[in-house]
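A quick write-up on the structure given underneath.
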């Protein structure tokens, strides 16, 4: 994976396959403390302790279509490469939380990539799942959720192709606004 | 600085979409839409499925084709990623492999618009390769 956004897209598919009805995604950029944290929390079927231990093993997968499962191992690798780590917590019936940390300024930390587009795609192509997104930059935060989007859309289906583009713009502008607050501060 | 875009802006699409939906209901049912599924597991994403999906969403909208584009998991054709499944209204779904932007464009222009098959089709019986 070349971007953190692609990892988010990838790991969220696990939550979708685990039958989650609500997925909390958060990206916390904190240059001040040199830390970037990604948390993906779902209310899917969860894993028992044994499965949870095996989840970061590339030769383990719950799928029948192929013999490897690289999503979590790749994220784990990229996190530790950038001075961070991957933590998994899960219990059957309650859901799974995946947390990946990175040193914000580490040269091997992947760029965040197209987060607005990724969240927009996730929201519009999984209308049955409430996706809650939160973005933090130092002390500022912004977020939105599928249910808010649906409310704003009224009877227009979320799957309408135009929604993706609008959402992407909305998310993009708000995230860069968060980052701008920091820039102004720095100039001062 | 201008006003930030917010969810309230989505109301605009609501208007646009309503007009479109009216036309559609009169013309044909929602089943009259082209259904596209983009395989988006680790293998697909790593090979560029997101770029392909962005392209499809943008282009289908620009070219005025009524379609629903969704994500799906790994179909088992990891060697041929990115793969997409296209189902034209009332037809059997067809799976295309090695879909880059050039082929995605071809699929829209030839297959979706006029039903003409293009290269890269994964035959249905490949499903059983492991058995």
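Computed from the coordinates by the stated procedures, all read-outs in this text should not be read as laboratory data. What you see is a predicted model; the values in this text were computed from it and never measured. Every residue, glycine as well, gets a Cβ built from its backbone with ideal geometry; the counts of neighbours run over all protein chains shown.
Across peptide B:44-52, what mean number of C-beta atoms from other chains lies inside 10 Å of a residue's C-beta? List each step's numbers first, then the result.
Details: counts 3, 12, 7, 0, 2, 3, 10, 2, 0.
Neighbouring Cβ atoms belonging to other protein chains average 4 per residue here.
Residue separation times 0.36 nm, minus the C-alpha to C-alpha distance between residue A:176 and residue A:140: what's the value? Could you put the intermediate results ahead of the total?
Working: separation 36, 0.36 × 36 = 12.96 nm, distance 1.14 nm.
Net length gain for the segment: 11.8 nm.
Tell me the mean residue ellipticity at 222 nm calculated for the protein assembly as shown from its helices only (DSSP H runs of n ≥ 4, each -39500 (n - 2.57), averaged over every residue, nearest 500). Mind dumping the intermediate values first?
Values: 10 runs with 120 residues, N = 319.
Computed mean residue ellipticity for the protein assembly as shown: -11500 deg cm²/dmol.
Per-residue Cβ counts within 10 Å, from other chains only, averaged over A:149-160: what number is that? Let's see the in-between values first.
Values: counts 2, 1, 2, 8, 6, 7, 4, 10, 4, 1, 6, 9.
Other-chain Cβ atoms within 10 Å of each residue's Cβ, averaged: 5.
Going by how many other beta carbons lie within 10 Å of each one, how would you line up A:52, B:74, fewest first? Display every interim value, and only then the final one.
On the way: A:52 16, B:74 21.
Taking fewest neighbouring Cβ atoms as first place, the list is A:52, B:74.
Who wins for biggest fluctuation among A:118, A:94, A:156 in a Gaussian network model of chain A, springs between alpha carbons below 10 Å?
Its mean-square fluctuation being the largest, the pick is A:156.
Kindly rank B:56-65, A:60-69 from highest to lowest mean number of other beta carbons found within 10 Å of each residue.
Values: B:56-65: 16.3, A:60-69: 14.8.
Per-residue mean Cβ counts within 10 Å order the peptides as B:56-65, A:60-69.
Taking the beta-carbon count within 10 Å as an exposure proxy, list A:153, A:35 from fewest neighbours to most.
Working: A:153 20, A:35 16.
The fewest-first ordering by Cβ neighbours comes to A:35, A:153.
If you count, for every residue in B:59-69, the Cβ atoms of partner chains within 10 Å of its Cβ, what is the mean?
Working: counts 1, 1, 6, 2, 0, 1, 1, 2, 2, 7, 6.
Averaged over the peptide's residues, the number is 3.
Provide B:54, A:48, B:105, A:10 in ascending order of the number of other Cβ atoms located within 10 Å of each residue's Cβ, fewest first. Present the calculation step by step, with values, prior to reporting the outcome.
Working: B:54 21, A:48 11, B:105 15, A:10 26.
Going from least to most buried by this count: A:48, B:105, B:54, A:10.
Between residue A:32 and residue A:63, what length comes free when the chain is fully extended (0.36 nm per residue of separation minus the Cα-Cα distance, one decimal in nm)?
Details: separation 31, 0.36 × 31 = 11.16 nm, distance 4.06 nm.
Here the answer is 7.1 nm.
To one decimal place, what Kirkwood hydrodynamic radius in Å is obtained for the protein assembly as shown from all pairs of distinct Cα atoms? Could the numbers behind the result be given before it?
Values: mean 1/r = 0.0482 Å⁻¹.
Computed over Cα pairs of the protein assembly as shown, the Kirkwood hydrodynamic radius comes out at 20.7 Å.
What FRET efficiency would be calculated for the residue pair residue B:109, residue A:39, taking the C-beta separation as r and a Förster radius of 35 Å, to the nearest 0.05? Intermediate results must be reported in sequence, preceding the final value.
Details: r = 42 Å, r/R0 = 1.19.
After rounding to 0.05, the efficiency reads 0.25.
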